[in-house]
1. Quick check: anything in segment 159-168 out of contact with any strand residue (DSSP E or B) (no Cβ under 8 Å at 6 or more places or on another chain), assigned to a strand (DSSP E or B) and either surrounded by 17 or more Cβ atoms within 10 Å (Cβ to Cβ) or not aromatic (Phe, Trp, Tyr) (or both)?
2. Which numbered condition in (1) in contact with a strand residue (DSSP E or B) (Cβ under 6 Å, 6 or more places away or on another chain); (2) farther than 26 Å from residue 168 by Cβ is the only one that residue 113 fails?
3. Any idea which residue in segment 45-69 is surrounded by the fewest Cβ atoms within 10 Å (Cβ to Cβ), counting only those that are farther than 13 Å from residue 166 by Cβ and of a type in the set (Val, Ile, Thr)?
4. Taking segment 17-32, which residues are surrounded by 13 or more Cβ atoms within 10 Å (Cβ to Cβ), in contact (Cβ under 8 Å) with a residue 24 or more places away in the chain and in a helix (DSSP H, G or I)?
5. How many residues, within segment 121-155, are hydrophobic (A, V, I, L, M, F, W, C) and either open to solvent by less than 40 Å² (accessible area, probe 1.4 Å) or in a strand (DSSP E or B) (or both)?
Amino acid sequence: MNRVVHPIEQESFRRLRARLDTSVFPPLTRAVVERVVHSAADLDYAADLVCDEASLTAAHAALHAGAPVVTDVEMVAAGITRRKTVCRLRDATAGPGLTRSAHAVRLAYEQVGPGAVWVVGCAPTALEELLVLDAEPALVIGLPVGFVGAVESKAALRESGLPAVSNVSEKGGSAVAAAALNALLYHPHTEENA
C-alpha cells in the first residue's frame, strides 16, 4: 500500500533538503536521518546519528516480512503509524534493582522472542535491560533521551555489536525513535533492497 504524503510534509522535506545535503548517505540511512531530522526540526541529528546501512537493510527486510515491533513506552508506540506494536509498560512493576521500564522489556521479550525490532525512545534502563537479554533483535533503535544514563546506554548499545540505530548525545526521545522506525516502514520494499 502506497503512503499518501500530505503537501505540508512534502514542503517540509523540500526545505530540509535545501538546508541539509542528505545525498551523501546510502538509501536507508538517508531515510532514517531525514525522518529523524524532520521529526525534531534539528539538523544536528545528521551528525549525531549512528546508522549502519547493512543493519538497516536487514531490519527493513525483517519489518516487511512481519517482524514484531516492541516499544519501551506508549508515546513511541503512538508515533508508529504503520504497524501494531508491543508495549508492556502497563503490565510492568518496579522492584529492587529493576525499573518498571526494564521489567517491561523482560515481559515483551517473553511475548515476542528473538527477531523483533526494538524501539527505545524514553528509558535508558529499558535499553540497558535489552542489552543483557539474549534477545537476538533484528534491530535496536536506541534513542533514549536524558542526562542520566542515556549517553551511556547508547554507547553500550553500539559496543554490543547488535544491529542498531543510536546517537551520541543526550538527545533522543519518543518522537525521534518512532520517526526512525517509520523511515524503515515507509521506505518501499522492493526486490532490489530485499
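1. Going residue by residue through segment 159-168, those that are out of contact with any strand residue (DSSP E or B) (no Cβ under 8 Å at 6 or more places or on another chain) are 159-161.
Now restrict to residues that are assigned to a strand (DSSP E or B): none.
Among the residues of segment 159-168, not one is out of contact with any strand residue (DSSP E or B) (no Cβ under 8 Å at 6 or more places or on another chain), assigned to a strand (DSSP E or B) and either surrounded by 17 or more Cβ atoms within 10 Å (Cβ to Cβ) or not aromatic (Phe, Trp, Tyr) (or both), which makes the answer no.
2. (1)
3. Initially, segment 45-69 is screened for residues farther than 13 Å from residue 166 by Cβ, giving 46-47, 53-54, 57-69.
Next cut, of a type in the set (Val, Ile, Thr) only: 57, 69.
On the way: 57: 18, 69: 26.
Per the criteria, the residue is 57.
4. Matches in segment 17-32: 27, 28, 29, 31, 32.
5. Let us first name the residues in segment 121-155 that are hydrophobic (A, V, I, L, M, F, W, C), namely 122-123, 126-127, 130-133, 135, 138-141, 143, 145, 147-148, 150-151, 155.
Add one more test, that the residue is either open to solvent by less than 40 Å² (accessible area, probe 1.4 Å) or in a strand (DSSP E or B) (or both), and what stays is 123, 126-127, 130, 135, 138-141, 143, 150, 155.
Selection size over segment 121-155: 12.
The values are calculated or read from the model by the stated rules, or taken from the named source; none is laboratory data. Since the model is a prediction, treat every value here as computed from it, not as a measurement. Don't worry about glycine lacking a Cβ; one is built from the backbone with ideal geometry, like all the others, and counts go over all protein chains shown. Quick note on the areas: whole protein, heavy atoms, side chains included, nothing else; ligands and nucleic acids left out. Shrake-Rupley method; radii C 1.70, N 1.55, O 1.52, S 1.80 Å.
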